[in-house]
Amino acid sequence: MVFRKKISLLTIAVALAATVPAFAIEAPKKVSVDAPHAWMNKKLSPEQRANLVLKEMTIDEKLKLLMGYFGHDADWKEFKRPVESYPQSAGFFYGIPRLGIPNIWEADAGIGVASQSGPIVREATALPSGIATAATWDLKTAYEGGAMIGSESRSFGFNVQLAGGVNIMREPRNGRNFEYAGEDPLLAGQIVGAQIRGIQSNQIVSTLKHYAFNDQETGRFSLDVKIDDQSARMSDLLALQIAKEEGNPGSVMCAYNRVNGVYACESDYLLNEVLKKDWGFKGWVMSDWGATHSTTQAANNGLDQQSGIPFDHSEYFGGALKEAVQNGWVSEARFDDMVRRVLHAMFEFGVIDNPVSPNPGAINFKAHAAVTQKDAEESMVLLKNDNKLLPLNKTAKKIAIIGSHADVGVLSGGGSSQVYPVGGAAFKGGPSVFPGPMLYYPSSPLKAIQARVPQASVTYHDGSDLAAAAKLAAESDVVLVFANQWTAESIDVPNLSLPDNQDALVDAVAKANAKTVVVLQTGGPVLMPWLGSVGAAVEAWYPGTQGGEAIARVLFGEVNPSGHLPATFPASESQLPRPVLDGYPEVRNARFTVEYKEGAAVGYKWFDLKGLKPLFPFGHGLSYTEFAFSNLKADVKKGLINASFTVKNTGSLAGKEVAQVYVAPVTAKWESPKRLGGFQKVELKAGASKTASVVVDPRLVGVYETASKTWKIAEGDYKIILAADATDANASSVIVHLGAMTLDVNGKFIQ
Ligand code: BGC
């Protein structure tokens, strides 16, 4: 084991000199390397173990854990990655071998083990996008996906996975919505929390990111979000708080943007007050790559670790931090706290007890394919299905498949989270530099469809020639048009329309053949001007490395679709709180403000408040069978609302329904008419029924009060609504009465 190895002091000094050249090296304190280190006693708490190591560390050793490097050469800064890092990886920190503290190897991101683009990518399994997993409304699926990618992360030799993206969707044009989990704090927080737990079940650390309010990419390095504390705690921060509670991440990554005038990575409010003090976070805060802007201010305001040298202007947590500590600008107690937090998480999650060593050969790609495929199948949302056009009839003789390279593969989102598929991409396009390339995973919808109807003639057309595509459509029994929207980190989409003339393509095809099914692969909501003329539409998101197979299974009814939208699909951009995207098109380094005037009324809450009719509401999702809800009952036990109900499958096929419980105050004043209070995905055979129940998190019935740092539940009546989506006309409801109650900042009853 690493910590028992005999290492000469000379070797250590040479290694240290090579790795940390910016300041003088202190002689390490003497530690017997033969005896097991006291901190390797697993009976001690992570806190005790971290303290024991800390006592032995020199200032230079401490600094090593606080400043890390990009795991990829950056020509623009004449930077070469440390040789000990993994090629084309996200990050690296030197450990302290003499104390048994391993190096930290960091990989992006939320859908699998990513690679920076270049010649040496690691080929891995990709889950469907984060928003797709949120569309499953299924915590078990989210956990299993996390466990799968965490195991690949370990097999590739990474001990920190930069996952856990949960910036709620305030901005449907945000280029990173595909990495996140939609617009609702409860759904997003629980899904991402489950994924983090899954990742960390592999004895590695996962992050939770991007803390906080990095809700658009345009101007992400310079914009300043204005939001009041109450609205913040009831929206974006609530999603992060729930994900933190459910997932217990070892690390939190602070964001690029400013919040109320201060950079997120040096915000005393965000880091010290909310995250560490109020929420009791014990792990470490790492900066996003290029998000550290100072030494003393950042360290004192709660940043524990600077990531990704050379992205920042300076090595703020290198020699400058050493000097700040020696001068007393950063106290020794705070300096130790920074290191202790890193060590604490490394002990708590098994990074030190079960060190990683790369063994990619051990990855069971076949088993992992089943995990990603299940996630994709659970995530697909049947948006529309007139006259039961779907599932497809296997007797069709001529099937046309049009557009989106559906002959070879399925689309994935771009940027640092890009996973490279096993066997290489089926098609590569997009920008040649970051956030490109645009990759299609080699899971061909065409092949998967053809395999199911060997007798039929299945013809592909790329969709570039509208007249030819329409002609093919007219000659076919059924038409599958694949329409897509590539989104990527660092760039937002200019509007919610499908790019590249695809609306005209769908329109032309649908006019030629009413039996047109649109399969969408998008990062988030898009407009659908052609919706009225197509027979059916399926939102397949970015469906991951088994996407083609999953799409075919849903289209042919081998899987009954059960995904529901985790975000509102607006009817037009004019319905949004900010009809025009602030700061777009981006002027590099231009400072501007994005004012969240909608406060906590995000997504369906905004649409409810303003009485707007979306294209598709939050929670929407059809099935090949039908469901009925009945028997809704709600009572209050120890202050908590329990709602129980019966779900019946009234159709003739097995399927899954997502029962959604919303809460609405009768007299109390909230930011919007109602909130999602709980949900249950229920699986039912044809004709079967089940009773299910949810307990509503009391924060979702309260209003956060800044002065007292408590959640106040107002005395009065509350409507408990059982619905199939946020605008369900058939929703049933009952009333419960609540007495006045106060909860602490974390939602625990105090009165
Ligand atoms: C992204 C992070 C990512 C990091 C490392 C940044 O640009 O915002 O999400 O983890 O790069 O690649």
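Any read-out appearing in this document is the output of simple, stated calculations on the displayed coordinates, not a laboratory observation. Keep in mind that what you see is a predicted model, and the values were worked out from it rather than measured. Note: ideal-geometry Cβ built from the backbone for every residue, glycine included; neighbour counts use all protein chains shown.
Annotations
- Checked against the criterion of being of a type in the set (Gly, Ala, Ser) and within 20 Å of the chain's Cα centre (by Cα), the candidates Ser412, Ser404, Ser457, Ser444 yield just one match: Ser412.
- In region 74-102, residue nearest to Tyr180 (Cα to Cα) [restricted to those that are in contact (Cβ under 8 Å) with a residue 40 or more places away in the chain and assigned to a loop (DSSP other than H, G, I, E, B)]: Tyr86
- Residue in region 112-125 that is nearest to the ligand (Cβ to nearest atom), counting only those that are surrounded by fewer than 24 Cβ atoms within 10 Å (Cβ to Cβ) and of a type in the set (S, T, N, Q): Gln116
- Test: residue in region 631-651 that is under 31 Å from the mean Cα position of the chain (by Cα), outside any strand (DSSP E or B) and crowded, with 19+ Cβ neighbours inside 10 Å: no
- Of all residue pairs spaced 6 or more apart or on separate chains, those with beta-carbon atoms under 7 Å, a first member in region 288-317 that is free of Cβ contacts under 8 Å to residues at least 60 places away in the same chain and over 19 Å from Asp268 (Cα atoms) and a second member that is outside any loop (DSSP other than H, G, I, E, B) and within 16 Å of the ligand (Cβ to nearest atom) are Asp312/Gln306.
- Residue within region 235-258 that is in contact (Cβ under 8 Å) with a residue 60 or more places away in the chain, aromatic (Phe, Trp, Tyr) and either within 15 Å of the ligand (Cβ to nearest atom) or outside any loop (DSSP other than H, G, I, E, B) (or both) present: no
- Region 264-310, subset within 16 Å of the ligand (Cβ to nearest atom) and over 23 Å from the mean Cα position of the chain (by Cα), residue nearest to Arg49 (Cα to Cα): Ile309
- Selection of strands (runs of 3 or more DSSP E) fully inside region 328-439 by the criterion of at least 2 residues being in contact (Cβ under 8 Å) with a residue 40 or more places away in the chain returns 381-385, 398-402.
- Any chance Ser432 is more than 20 Å from the chain's Cα centre (by Cα), closer than 18 Å to Pro119 by Cβ and either within 16 Å of the ligand (Cβ to nearest atom) or surrounded by fewer than 24 Cβ atoms within 10 Å (Cβ to Cβ) (or both): yes
- Residues satisfying the stated conditions in region 474-499, i.e. of a type in the set (Asp, Glu) and away from the ligand (no atom under 16 Å from the Cβ): Glu475, Asp477
- Residues satisfying the stated conditions in region 695-709, i.e. buried (at least 20 other Cβ atoms within 10 Å of the Cβ) and either among the hydroxyl-bearing types (Ser, Thr, Tyr) or in a strand (DSSP E or B) (or both): Tyr704
- Lys674 vs. criteria in contact with a Ser or Thr (Cβ under 9 Å, 6 or more places away or on another chain) and either charged (D, E, K, R) or free of Cβ contacts under 8 Å to residues at least 24 places away in the same chain (or both): no
- Considering each residue of region 312-335 in turn, at least one proves to be of a type in the set (A, V, I, L, M, F, W, C), within 19 Å of Leu162 (Cβ to Cβ), away from the ligand (no atom under 16 Å from the Cβ) and surrounded by 24 or more Cβ atoms within 10 Å (Cβ to Cβ).
- Test result for Gly261, within 24 Å of Tyr704 (Cβ to Cβ), crowded, with 19+ Cβ neighbours inside 10 Å and more than 16 Å from the ligand (Cβ to nearest atom): no
- Across region 636-651, the number of residues qualifying as of a type in the set (D, E, K, R) and out of contact with any strand residue (DSSP E or B) (no Cβ under 6 Å at 6 or more places or on another chain) comes to 2.
- Residue within region 155-174 that is crowded, with 24+ Cβ neighbours inside 10 Å, part of a helix (DSSP H, G or I) and within 16 Å of the ligand (Cβ to nearest atom) present: no
- Selection count where residues are within 16 Å of the ligand (Cβ to nearest atom) and of a type in the set (Gly, Ala, Ser), scope region 413-429: 5
- Residues in region 356-382 that are closer than 23 Å to Val121 by Cα and not small (Gly, Ala, Ser): Val356, Pro358, Asn359, Pro360, Ile363, Asn364, Phe365, Lys366, His368, Val371, Thr372, Gln373.
- Scanning region 288-323 for residues that are part of a loop (DSSP other than H, G, I, E, B) and touching a Lys or Arg at 6+ places or on another chain (Cβ under 9 Å) gives Asp288, Gly302, Asp304, Pro310, Phe311.
- For region 80-111, a residue qualifies if it is under 20 Å from Ser251 (Cα atoms) and within 11 Å of the ligand (Cβ to nearest atom), and the qualifying residues are Ser89, Ala90, Gly91, Glu106, Ala107, Asp108, Ala109, Gly110.
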